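What follows is one structure encoded as structure tokens, with my remarks underneath.
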Amino acid sequence: MKPILIKVGAFADNQITMVERADAYFNTPFHFHPECELVYVTESHGKRIVGDSIESFDVGDMVFLGPNIPHVWYNEENYYQGDDALRARSVVIYFPRDIFGDKFYALPETRAMSELFHRAQRGMKITGATQALLKPEILALPKKEGLDRIISLLHILKILSETRDYYFLASTGYSHAYNAKDNHKIDEVFKFVMNNFSREISLQDVASITNLSPQSFCRFFKNRTKKSFVQFLNEVRIGHACKRLTEEDWSIAEIAYSCGFKNLSNFNRFFKEIVGKTPKEYKQELRLKEA
């Protein structure tokens, strides 16, 4: 799961670059770049990786990323099967952290904004009232030009710098150890897991994609991602289980088996380790929120 360095500036005519994506599925590989990035997903669902964080995403997913943190949005398997009714849409805003200059960020009035960029180094998932407040601002930004575009970006950053409606994505001590070597192979491993996590996956299966022995692959994967392959696979499976607990009226056992777990006790143990509560507790909380 190695990211590539993408040069946003290579296709940017302005300091603020906006991309409105509308494709059959999100096709950008696991990557990083020196620009900050604000993403708002308007259609589709799947899995999102930011640093060492793995989560499901859905319509309304809003994330603010600082420079050089690896990330990717991948859709569920059915998006890659040619269904014309499924679309992946998002609005993405790129800009350099120093767009307004060091003197601007040194002002007492902009201290909170400087602190925002520090927080964004771990990636921030924007939630609640702030997500609702920023939605129209982000959707309107691609239509603005000149000074209006800069003023709108400043307003968005002001809201982000003042809000508490967020949580961090990457862990506290996360730092990536990626270089340009073998990028394509690791991205293929990631895609393979996302498309096959519901069945049994052996270390030989994934090691063969990278032309490494299983033992060498385990060292390679952990060195890059700061977690073992088995831990990564279980996090992907549990993330999918959370989505199914939210959307499907299946029994916990049915969900466990559909996500690739061979027995219920292992599913319950890994679920509590990763989510912090049992599947039964998670499902009960969902019902209370819906009541």
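Rule-based calculations on the coordinates, nothing more; no lab input. Note that the structure is predicted; figures quoted are calculated from it, not measured. When we count neighbours, we look across all protein chains shown, and the Cβ atoms used for this are built from the backbone with ideal geometry, even at glycine.
Taking Cα atoms, how many degrees apart are the long axis of helix 128-140 and the longest axis of the chain, rounded to 10 and kept between 0 and 90? Value to nearest ten degrees: 60.
Only Lys, Arg, Asp and Glu count, each charged at its Cβ (+1, +1, -1, -1), so figure out the dipole size of the stretch 193-275 about its Cα centre, rounded to 20 debye. Can you show the working numbers first?
On the way: 12 positive and 8 negative charges, 100 e Å.
Dipole of the stretch 193-275, to the nearest 20 debye: 480 debye.
With the Kirkwood sum run over all distinct C-alpha pairs, the stretch 120-237 has a hydrodynamic radius of 17.5 Å.
Cβ neighbours within 10 Å, averaged per peptide: list 47-55, 103-111, 19-27 in order, most packed at the top.
Numbers: 47-55: 21.6, 103-111: 11.2, 19-27: 15.2.
Packing order, densest peptide first, comes out as 47-55, 19-27, 103-111.
With charges set only on the Cβ (+1 for Lys and Arg, -1 for Asp and Glu), what does the dipole of the chain come to about its Cα centre, in debye to the nearest 20?
Numbers: 39 positive and 37 negative charges, 189 e Å.
The dipole magnitude comes to about 900 debye.
Over all pairs of distinct alpha carbons, what does the Kirkwood formula give as the hydrodynamic radius of the stretch 179-259, in Å? One decimal place: 13.6 Å for the Kirkwood radius.
One decimal place: the segment Thr278-Ser228 gains 15.7 nm when fully extended, by the rule 0.36 nm per residue minus the C-alpha distance.
Calculated [222 nm] ellipticity per residue, helices only, for the chain: -13500 deg cm²/dmol; basis is -39500 (n - 2.57) per DSSP H run with n ≥ 4, divided by all residues, nearest 500.
Between 0 and 90 degrees, the angle of helix 264-275 with respect to the longest Cα principal axis of the chain falls at about 20 degrees. Compactness of the chain was expressed as the Cα radius of gyration divided by 2.2 N^0.38 Å, which yields 1.04.
Positive end of the dipole of the chain (Cβ unit charges, origin at the Cα centre): among Ser90, Leu134, Leu286, the Cα lying farthest that way belongs to Leu286.
A cut-off under 14 angstrom between Cβ atoms defines the neighbours of Glu43, and their net charge, with Lys, Arg +1 and Asp, Glu -1, is -3. Here are some pairs, Lys222/Lys272; Lys243/Lys272; Lys47/Lys243; Lys47/Lys227; Lys185/Lys222; Lys135/Lys158; which of them have Cα atoms lying more than 19 Å apart in this structure? Over 19 Å apart, Cα to Cα: Lys222/Lys272. One decimal place: the segment Asn27-Glu55 gains 8.3 nm when fully extended, by the rule 0.36 nm per residue minus the C-alpha distance. Volume per residue for the stretch 75-171 equals 146 cubic angstrom (convex hull of Cα atoms). Helix 214-225 and the long axis of the chain differ in direction by around 30°, with both axes built from C-alpha atoms.
Give the value in nm², to one decimal: projected area of the alpha carbon convex hull of the stretch 4-168, averaged over all directions.
Values: hull surface 38.5 nm².
Projected over every direction and averaged, the Cα hull of the stretch 4-168 covers 9.6 nm².
For the stretch 233-291, the spread of Cα positions along the three principal axes, ordered from largest to smallest, is 32, 21, 18 Å.
Can you give the charge dipole size of the stretch 86-161 about its Cα centre, rounded to the nearest 20 debye, using +1 on the beta carbon of Lys and Arg and -1 on the beta carbon of Asp and Glu? The partial results should precede the final answer.
On the way: 13 positive and 7 negative charges, 78 e Å.
With Lys and Arg at +1 and Asp and Glu at -1, about 380 debye.
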